[in-house]
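Trainee: Before we start, here is the structure in question, set down as structure tokens.
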Amino acid sequence: MARIDELFRSLKNEGGSDLHLLAGQPPRLRIHGRLLALENAQPLSNETLEEMLREIATPEQWEQFQASGDLDFAYGLQNVARFRVNFLRQHQGVAAIFRIIPEKILSFDDLGIPEAVRKLAYLEQGLVLITGPTGSGKSTTLAAIINEINEHFSKHVVTIEDPVEFIHANKKSVLSQREVHHHTTSFGDALRVAIRQDADVILVGEMRDLETIELAITAAEMGALVFGTLHTNSAVKTIDRLIDAFPAKQQPQIRTAVADSICAIVSQLLLPAADGAGRHAAYEILLRSNSLPKLIREGNTIMLESVIQSHGNQGMCTMDDSLMELFSQRKISGAMAMSRANNKPRFEKLARIRD
């Protein structure tokens, strides 16, 4: 048994989401969004931590870590959980972060995800982006969407991830789950091949470079339903990020491509509960409407919030409205809601009315 396994058991038993190990520091657990030192744990020397990390890596993975100073992979501990792993080197020595991957793929009902997001699983083609900062639940939402497709449709679903997180059993659909650096060299290479593999649905774990973004848009234009993620926190910033990834001379063409292919942008945040027990998700949801393509083509993304506000009956929702709903239900504190609000003056007024 690897020495680090006991720390994984502690993480699971404490209901934490992440384990942080840093040379010279005691292990820390992230519990309900807060990073806390493991009780009675002693600091780990660089030598001890390096030995612990080497125990769970393959020789090839360790060689890659030694060469680059970074390593991403997945690690499974029987009867405990699977973990998304990142090794890194920093000024005090080695370090590692482990994120627990739930064994069970939670349903939309389990997660309390809005019905408008569930309906994205029923689209035939187009580009759907799930966005938000690290730790905001993007992977969990995408797993629920893929599971919904898997339970209701006979499709070929290709996922491209780094690393593979949620493992989907074949139900009605056939799933090909590919891990970057293990099954394929890059997101771009896997996407290029997926287009030729009769994929009905493609999940791109991270759209982190121009090539991946361009190929994802192309796949959506060619008739696939493409799900991707970005580390943006609003629909406006997401569209701007897609366009700005390209050289200026290509941007008019890309605006048209994005306008024709985009079906939805869901931005989400995970916020600590007001009572300290767990976290709650807030969502901004932009869906395709008659006016959306024109606004994107014209670069008038500042009007997207107005589009969202005027289509609430279709399931669209601004982040501020979602935050206010959580606050009005006393699920999150006013201070937390205010800290994440975009239009703070408007939020202050509503908070006074509802408080």
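Trainee: If ASN79 satisfies all but one of (1) free of Cβ contacts under 8 Å to residues at least 60 places away in the same chain; (2) more than 27 Å from ILE146 (Cα to Cα); (3) not small (Gly, Ala, Ser), what's the number of the condition it fails?
Mentor: All conditions are met except number (2).
Trainee: Any residue at all in segment 324-340 that is part of a helix (DSSP H, G or I), within 24 Å of ALA121 (Cα to Cα) and without any contact (Cβ under 8 Å) to a residue 40 or more places away in the chain? Walk me through how you get there before you give the answer.
Mentor: Filtering segment 324-340 for residues part of a helix (DSSP H, G or I) gives 324-328, 334-340.
When the remaining residues are screened for being within 24 Å of ALA121 (Cα to Cα), the result is none.
Checked segment 324-340: no residue is part of a helix (DSSP H, G or I), within 24 Å of ALA121 (Cα to Cα) and without any contact (Cβ under 8 Å) to a residue 40 or more places away in the chain.
Trainee: If you check LYS104 against the conditions, is it of a type in the set (Lys, Arg) and either touching an Asp or Glu at 6+ places or on another chain (Cβ under 7 Å) or modelled with pLDDT of 95 or more (or both)?
Mentor: no
Trainee: With a cut-off of at least 2 residues that are in contact with a helix residue (DSSP H, G or I) (Cβ under 8 Å, 6 or more places away or on another chain), name the strands (runs of 3 or more DSSP E) lying wholly within segment 1-113.
Mentor: Working: elements: 18-22, 28-31, 34-37, 70-77, 81-90, 93-101.
Counting at least 2 such residues, we get 18-22, 70-77, 81-90, 93-101.
Trainee: So, in segment 228-242, of the ones that are crowded, with 19+ Cβ neighbours inside 10 Å and within 24 Å of ALA190 (Cβ to Cβ), which residue ends up nearest to the chain's Cα centre (by Cα)? Quick ask: steps written out before the conclusion?
Mentor: Kept after step one, since they are crowded, with 19+ Cβ neighbours inside 10 Å, are these residues of segment 228-242: 228-230, 232-236, 238-239, 242.
Those still in the list that are within 24 Å of ALA190 (Cβ to Cβ) too: 228-230, 232, 238, 242.
Numbers: GLY228: 9, THR229: 6, LEU230: 8, THR232: 10, THR238: 14, LEU242: 17 Å.
So the residue we want is THR229.
Trainee: Among LEU230, LEU304, LEU271, which is outside the structural domain of GLY15 (by TED's automatic domain parsing) and touching an Asp or Glu at 6+ places or on another chain (Cβ under 9 Å)? Working first, answer last.
Mentor: Values: LEU304 fails: touching an Asp or Glu at 6+ places or on another chain (Cβ under 9 Å); LEU271 fails: touching an Asp or Glu at 6+ places or on another chain (Cβ under 9 Å).
Only one candidate passes the filter, namely LEU230.
Trainee: Quick one: would you say GLY93 is surrounded by fewer than 19 Cβ atoms within 10 Å (Cβ to Cβ), more than 22 Å from the chain's Cα centre (by Cα) and at positive phi? Break it down stepwise before answering.
Mentor: Numbers: surrounded by fewer than 19 Cβ atoms within 10 Å (Cβ to Cβ): yes; more than 22 Å from the chain's Cα centre (by Cα): yes; at positive phi: yes.
Here the answer is yes, as GLY93 does meet what is asked.
Trainee: Let me ask something else about it. Of everything in segment 315-336 that's of a type in the set (A, V, I, L, M) and within 19 Å of ALA235 (Cα to Cα), which residue is modelled with the lowest pLDDT?
Mentor: Looking at residues that are of a type in the set (A, V, I, L, M) and within 19 Å of ALA235 (Cα to Cα), I get MET324.
Trainee: Further, regarding this structure: Considering (1) crowded, with 19+ Cβ neighbours inside 10 Å; (2) outside any helix (DSSP H, G or I), say which one ILE296 fails and leave the rest.
Mentor: It is condition (2) that ILE296 fails.
The values are calculated or read from the model by the stated rules, or taken from the named source; none is laboratory data. Remember, predicted model here, so these are calculated numbers, not experimental data. Cβ atoms come from the backbone with ideal geometry, glycine included; neighbour counts cover every protein chain shown.
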